[in-house]
Amino acid sequence: MVLVSVLNSDGRPMMPCLPPIARLLLKAGKAKVVRRTPFTIKLLVPLTHEHAQPLTLGIDTGSTVVGAAVADEQGKVLYLSEVELRNDITITMKERAAKRRNRRQRKTRYRRARFNNRRNSTKQGRFSPTMGSKIEGHLREIRFVQAIFPITHIVLETGTFDPHALKHPEVLRKKWLDQQGINYGFANTKAFVLTRDDYTCQQCKGKSKDRRLEVHHIVFRRQNGSNEPENLLTLCKTCHDGLHAGTITLKQKGKKKGTLRHATQMNSIRVQLLKRLNAEETWGFVTKEHRMLAGLPKTHAHDAAIIATRGIAPIFCTTQVLQKKCISDGDYQQTKGVRSEQPITTGKIQGFRKFDNVRYRGQEYFIKGRMSTGYAILMGLDGKKVDLKPIPKFERMKRVSARSTWMISQKPCQVVDPLPPHVCVEGSQKAAGFPRR
């Protein structure tokens, strides 16, 4: 079952209604369609009496996926969504910097270098492009929900992380490590590793008679290896040279660099959302206990539903979850080739752009790539190419919706013992002021 969002004639959100009610309003010419996904109608005749129930928006914050849900005071869930944030901005910016550096070397090699052209880095309250995108991704979803539902309360599930304790769990057991550190008493990490290994080669155990000792990274640094003692090993020069020559293989397993950037990002996201929104705060351990009591599987949408119902067992009045994936505003590469001799069309090709939602052979896809000859490469919401033969042509496609700041689609949601449809939306119809069929 899918509920239909309703807007008053002045654009203010109202309580949703059932699809049959929306169909009657559209047939009678009393409403018009303003959005397809989620399906939203706008009344052409203003209502004199509006009865809006208090609705709570629950947000499961995250650095990769954001969950959102809307529920009323009885625990009826009216909206579910999951938003996938961008984590590719750093990679694309590095690629752009490399291309610009290559072009400047070819085209402007005699131009005088300018090193003081970095005013953005000195601005107050400035975030990195990745952080700015993730904070805006949370706020964009909140504004989107507030535009189609009369939200009265916002509840955020946040979390605070201690990166030092995550990196060194011993800190939680020995408080003195906060002041003295893991390598306290040693000149550096290398001295700590040599002392730990008793100044003995861990490969040959001193059989090579080589007295020169070196510290080796088990997982190479070029392979994102860590500089922590868990990834360092004492080897003699003979074994070290043989290892890099490929004649010796280590049995020890190393460690890659920790992924603490998400914990750091969540600390900043929490502060910014609480500063910019008039919202309540809850925590993950509370949500987990209530979700387990409700018997729901672990998903971001279910966590958001528990947050929105404030611990009450949710009654799912919608069985659809909106899947959203944030994308870039556009493609700005103008040419390709070694000498930039091949121009790239950045505008529309036969009325289609990249990331447009199109219908082809009864299925909906997104445009992944375009050809000036009139062909397109299609993909799903996950970004994976869909192998279609023959290659789809633009003339056989129909555009469902133009590209936006995210790609959006719907998928069924797993619910546990939902109530019948007439029980779920009875209060919603009455509050919206619509006659029941």
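Taking R0 as 41 Å, what's the FRET efficiency between Q252 and F127 from their Cβ-Cβ distance, rounded to 0.05?
About 0.55, to the nearest 0.05.
Most mobile of T61, T130, T122 per a Gaussian network model of the chain (Cα springs, under 10 Å)?
T122
Which of G254, G347, G159 moves most in a GNM of the chain, Cα contacts under 10 Å?
Highest fluctuation of the listed residues: G254.
Once fully extended, how much extra length lies between R96 and D10, figured as 0.36 nm per residue of separation less the alpha-carbon to alpha-carbon distance?
Answer, rounded to one decimal: 26.5 nm.
Pop the C-beta distance of A279 and E230 into the FRET formula with R0 = 45 Å and round what comes out to the nearest 0.05.
0.65
What angle, in degrees between 0 and 90 and rounded to the nearest 10, separates the Cα long axis of helix 261-276 from the longest principal axis of the Cα atoms of the chain?
It is inclined by approximately 40 degrees.
Full-extension gain between R106 and E341, please, as 0.36 nm times their residue separation minus the C-alpha to C-alpha distance.
Details: separation 235, 0.36 × 235 = 84.60 nm, distance 1.37 nm.
Extra length available between R106 and E341 comes to 83.2 nm.
Using Cα pairs closer than 8 Å and at least 6 residues apart in sequence, work out the relative contact order for the chain, in percent.
Answer for the chain is 21 percent.
Using the Cβ atoms and a cut-off under 12 Å, what net charge is assigned to the surroundings of L43, where Lys and Arg are +1 and Asp and Glu are -1?
Counting the neighbours of L43, the net charge comes to +2.
Hey, in the GNM for the chain with a 10 angstrom Cα cutoff, which one of R261, R221, R119 fluctuates hardest?
R119
When ligands, DNA and RNA are left out and all protein chains stay put, how many square angstrom of accessible area per residue does the chain have with a 1.4 Å probe? Let's see the in-between values first.
Working: 26260 Å² over 437 residues.
For the chain, the solvent-accessible area averages 60 Å² per residue.
With a point put 7 Å past each Cα toward its Cβ, work out how far K384 is from D331 in nm, to one decimal.
Once both label points are built, they end up 2.2 nm from each other.
PRE reach from L26 (point 7 Å along Cα→Cβ): which of segment 364-407 fall under 20 Å by backbone N?
Counting only backbone N, you get 364-365, 398-402.
Please list D303, D241, D210 in order of solvent-accessible area, largest first, computed with a 1.4 Å probe with all protein chains present.
D241, D210, D303
Give me the number: length gained by fully extending R261 to S208, i.e. 0.36 nm times residue separation minus the C-alpha to C-alpha distance, one decimal in nm.
Extending this stretch completely gives an extra 14.9 nm.
With labels modelled as points extended 7 Å from the Cα through the Cβ direction, what inter-label distance (nm, one decimal) is found for K190 paired with S401?
With each label placed 7 Å out from Cα toward Cβ, I get 5.8 nm.
The values are calculated or read from the model by the stated rules, or taken from the named source; none is laboratory data. In this text the structure is predicted, and so the values were computed from the model without any measurement. Using ideal geometry, Cβ is built from the backbone for each residue, glycine included, and neighbour counts are taken over all protein chains shown. Only protein heavy atoms, including side chains, enter the accessible area calculation; ligands, DNA and RNA are left aside. Shrake-Rupley method; radii C 1.70, N 1.55, O 1.52, S 1.80 Å.
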